[in-house]
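Here's the structure we're looking at; comments come further down.
The values are calculated or read from the model by the stated rules, or taken from the named source; none is laboratory data. In this text the structure is predicted, and so the values were computed from the model without any measurement. All Cβ positions, even for glycine, are placed from backbone atoms using ideal geometry, and neighbour counts span all protein chains on display.
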Amino acid sequence: MKAVRFFGHKDVRVVNDMEKPTPNGDEVLLKIGGAGVCHSDLHIIDEGTVGGSVFTLGHENAGWIEEVGPDVKGYKKGDAVLVYGPWGCGHCKPCQQSKENYCDHQSEMAYGGGLGLDGGMAEYMLVPSSRLLVPIYDLDPVIAAPLTDAALTPYSAIKRSLSKLTADEYVVVIGVGGLGHVALQILREISGSTIIACDVTDEKLAFAKELGAAFTVNSKDADAAEQIQKITGIKKAKVVIDFVGATSTIELGTKIVSLDGDLTIVGLGGGHYQYSMSGLPFGVSMTNPYWGSRVELMEVVGLARQKKIHIEIEKYRLDEANEVYDRMRNGKIKGRAVLIP
């Protein structure tokens, strides 16, 4: 079968001679409908954040069950499903709570398919346990695949702060990319707060307005923080969610977050923050959440089925994987790219 394989630093190849897997035990073989392309892939490819092995890329995966192992119950051939991305041990307390993204043993194992183990940028994918599947019912797997990260990650980050996102407060989203554009829709649907979107391109800021942002600010403006404070007034923003994670965006967040607010850094931009007592307002929580729980993924699927959120996608063939990664490096992808076998 055909697959997009990571062989080492900046070495991604499309191969045609992979053997089609056979499921055993509780394993499930998935016929891939679509595999999302994520900035995390670039960290693996360009920076070597996952090393020491050759594997198939793709951690945002959806498709149809092709074959199940003899111990699988509740699923059959043809069922449309998502693959929950973070694969934990399945036995520790976080895993038992469906929070495999915070598995106690994660440092001892690969993070999941496409993150050290074979992922879904292929014609077929072997899923190690049926517990990692989430039914999508009538959703198209091509459109649904990015829900596993591009929607789940912002959804989980937003839920952490939901009690603070009341109608009299402001929330700032920094970065209107693959995750940020979904975050705007989630905030529009489940929070009552006024949304301010920040990005460095006017096209994405216009897009943010379409998705529910009441105000937009170009974050490369020298006075971006002052512009935001003119909108929020003296109270500033109760929640700031940074989907970039660069030093400049983290610094912007520290200037605009309110007392007792949340500054949530989701983006993997490699930024740094030098803590000082005077650097943050009192009571601010600075967090860096990772992905989300399987239960939250079920909730995300519910929002998508109700057409309350959608992911803007660009479709490509597996053979075009390296071209897609180049487009992503240059900021040319609108929303999320999806590879289709």
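Taking segment 100-112, which residues are buried (at least 17 other Cβ atoms within 10 Å of the Cβ) and modelled with pLDDT of 95 or more?
Once the filter is applied, which keeps residues that are buried (at least 17 other Cβ atoms within 10 Å of the Cβ) and modelled with pLDDT of 95 or more, segment 100-112 yields E100, N101, Y102, C103.
Select the helices (runs of 4 or more DSSP H) contained entirely in segment 235-337, then report the ones holding at least 1 residues which are within 16 Å of the chain's Cα centre (by Cα) and in contact (Cβ under 8 Å) with a residue 12 or more places away in the chain. Spell out how you get there, then give the answer.
Numbers: elements: 247-256, 294-305, 321-329.
Once the helices (runs of 4 or more DSSP H) in segment 235-337 are filtered for at least 1 residues that are within 16 Å of the chain's Cα centre (by Cα) and in contact (Cβ under 8 Å) with a residue 12 or more places away in the chain, what remains is 294-305, 321-329.
Restricting the search to segment 301-331, which residues are out of contact with any strand residue (DSSP E or B) (no Cβ under 9 Å at 6 or more places or on another chain) and modelled with pLDDT of 95 or more?
G302, L303, A304, R305, Q306, K307, K308, I309, D326
Only residues in segment 1-26 that are free of Cβ contacts under 8 Å to residues at least 60 places away in the same chain count as the first member; pair them with residues that are polar (S, T, N, Q) and in a loop (DSSP other than H, G, I, E, B), Cβ under 9 angstrom, at least 6 apart or cross-chain, and list the lot.
Filtered contacts from segment 1-26: F6/S53; G25/S129.
Taking the condition of being over 21 Å from V50 (Cβ atoms) and either modelled with pLDDT under 95 or of a type in the set (S, T, Y) (or both), how many residues in segment 1-18 meet it?
1
From the list D118, D79, exactly one residue is surrounded by 21 or more Cβ atoms within 10 Å (Cβ to Cβ), closer than 30 Å to Y316 by Cα and charged (D, E, K, R). Which is it?
Numbers: D79 fails: surrounded by 21 or more Cβ atoms within 10 Å (Cβ to Cβ).
Only one candidate passes the filter, namely D118.
Out of the residues in segment 145-180 that are in a loop (DSSP other than H, G, I, E, B) and within 10 Å of the chain's Cα centre (by Cα), state the one that is surrounded by the most Cβ atoms within 10 Å (Cβ to Cβ).
Going residue by residue through segment 145-180, those that are in a loop (DSSP other than H, G, I, E, B) are 149-151, 161, 165-169, 175-179.
When the remaining residues are screened for being within 10 Å of the chain's Cα centre (by Cα), the result is 149-151, 178-179.
Working: D149: 26, A150: 27, A151: 30, G178: 28, L179: 28.
Checking each candidate, the answer is A151.
Of the residues that make up segment 119-139, is at least one closer than 21 Å to A183 by Cα, assigned to a loop (DSSP other than H, G, I, E, B) and in contact (Cβ under 8 Å) with a residue 40 or more places away in the chain?
yes
Of the conditions (1) part of a loop (DSSP other than H, G, I, E, B); (2) modelled with pLDDT of 95 or more; (3) closer than 28 Å to G177 by Cα; (4) not small (G, A, S), T49 satisfies every one except a single condition; which number is it?
(2)
Can you report the number of residues in segment 187-196 which are crowded, with 23+ Cβ neighbours inside 10 Å and either polar (S, T, N, Q) or in contact (Cβ under 8 Å) with a residue 40 or more places away in the chain (or both)?
The total comes to 1.
What are the residues in segment 197-234 that are in contact (Cβ under 8 Å) with a residue 60 or more places away in the chain and either assigned to a loop (DSSP other than H, G, I, E, B) or closer than 21 Å to L259 by Cβ (or both), if any?
T201, I231, T232 - these are the residues of segment 197-234 that are in contact (Cβ under 8 Å) with a residue 60 or more places away in the chain and either assigned to a loop (DSSP other than H, G, I, E, B) or closer than 21 Å to L259 by Cβ (or both).
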